[in-house]
Amino acid sequence: MHEMLYPLLQGYDSVAIQSDLTIIGSDQLFNEMLGRFYQEKFGQTPQVIITTKITPGIDGKEKQSKSLGNYVGLGHSPRDKFGRLMRLPDHLIGLYLRTYTNMPLSDVEAIEVRAATDPFGAKKVLAREIVKLYHGADVAEREQQWFEDTFSKGETPDEIPERTITLGPRMALDLVMELDAASTRSEARRLIQQGALTVSGNRVNEPHHAVDLEDGSIVKIGKRHWYRVRGTH
């Protein structure tokens, strides 16, 4: 019954707001076509429908979803955009280039050929193009350099955001939450147990392990989050 009522109610939304244009994912086409049907019955001009392509998320499974965390959001920082796109499965590089960049199709086809033998390099092109689209070419070049220095060369980045917190010992779990690196304590616990937390170069695997922070301590959580701790005792 829910599946029958859903398109009826969504279709009537178009009547209620007197929609003249709707932009949707292609999976919503039937529902919005029903909206056009209702609008005609109510004497309104049927809305124009523009559909966008539905793509798998960066995990290569379900479609991009905020609840699943497998998406690249407009609100993500340039660094997060670049890092998330570098996690994309190799077989989706061409699809993302075609859907989310302004690259000419001839260039996309060349990158797809390159991806067969150099997927890492092809992904860097994709990440750079998307960051450039939303943040500019200079930012895109900077983020690629940061990524290469941090992950490819294993270097500690020069630019590390500083966080002012109370110095001294606390549980590793509390530290991750205090730095806003996890949305829940269960997520923070999972990150620590998976070896994502290092403090001044020392890996911490136990959520309840006491870590002693000093002024200037470097905290790394996951692959992309670095913090230089400043504060007082």
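Report, by residue number, each residue of the stretch 94-120 that is assigned to a helix (DSSP H, G or I) and either closer than 19 Å to Leu74 by Cα or in contact with an Asp or Glu (Cβ under 7 Å, 6 or more places away or on another chain) (or both). Residues satisfying the conditions are Gly94, Leu95, Tyr96, Leu97, Arg98, Thr99, Tyr100, Ala115, Pro119. When the stretch 180-200 is filtered for residues that are over 15 Å from Asp212 (Cα atoms) and among the hydrophobic types (A, V, I, L, M, F, W, C), the ones remaining, listed by number, are Ala181, Ala182, Ala188, Leu191, Ile192, Ala196. Residue pairs whose Cβ atoms lie under 8 Å apart, sitting 6 or more positions apart in sequence or on different chains, and linking a residue in the stretch 136-149 that is farther than 19 Å from Thr101 by Cα to a partner that is small (Gly, Ala, Ser) and in a helix (DSSP H, G or I), are Phe147/Gly83; Phe147/Ala127. Within the stretch 71-112, if we keep just the residues that are in contact (Cβ under 8 Å) with a residue 60 or more places away in the chain and aliphatic (A, V, I, L, M), the residue that is surrounded by the fewest Cβ atoms within 10 Å (Cβ to Cβ) turns out to be Leu74.
Residues that are farther than 30 Å from Arg114 by Cα: which helices (runs of 4 or more DSSP H) entirely in the stretch 1-93 hold 3 or more of them? Talk me through it step by step, then tell me what you get.
On the way: elements: 2-16, 29-41, 78-85.
In the stretch 1-93, the matching helices (runs of 4 or more DSSP H) lie at 2-16, 29-41.
Scanning the stretch 113-154 for residues that are aliphatic (A, V, I, L, M) and exposed (fewer than 15 other Cβ atoms within 10 Å of the Cβ), which turns out modelled with the lowest pLDDT? This residue is Ala116.
Here's the yes/no breakdown for (1) out of contact with any helix residue (DSSP H, G or I) (no Cβ under 9 Å at 6 or more places or on another chain); (2) in a loop (DSSP other than H, G, I, E, B):
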position: Ala122; (1), (2): no, no
position: Thr150; (1), (2): yes, no
position: Ser186; (1), (2): yes, no
position: Glu206; (1), (2): no, yes
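The values are calculated or read from the model by the stated rules, or taken from the named source; none is laboratory data. Everything numeric here is computed off the predicted structure, so don't read it as measured data. Note that each Cβ is placed from the backbone with ideal geometry, even for glycine, and that neighbours are counted across all protein chains shown.
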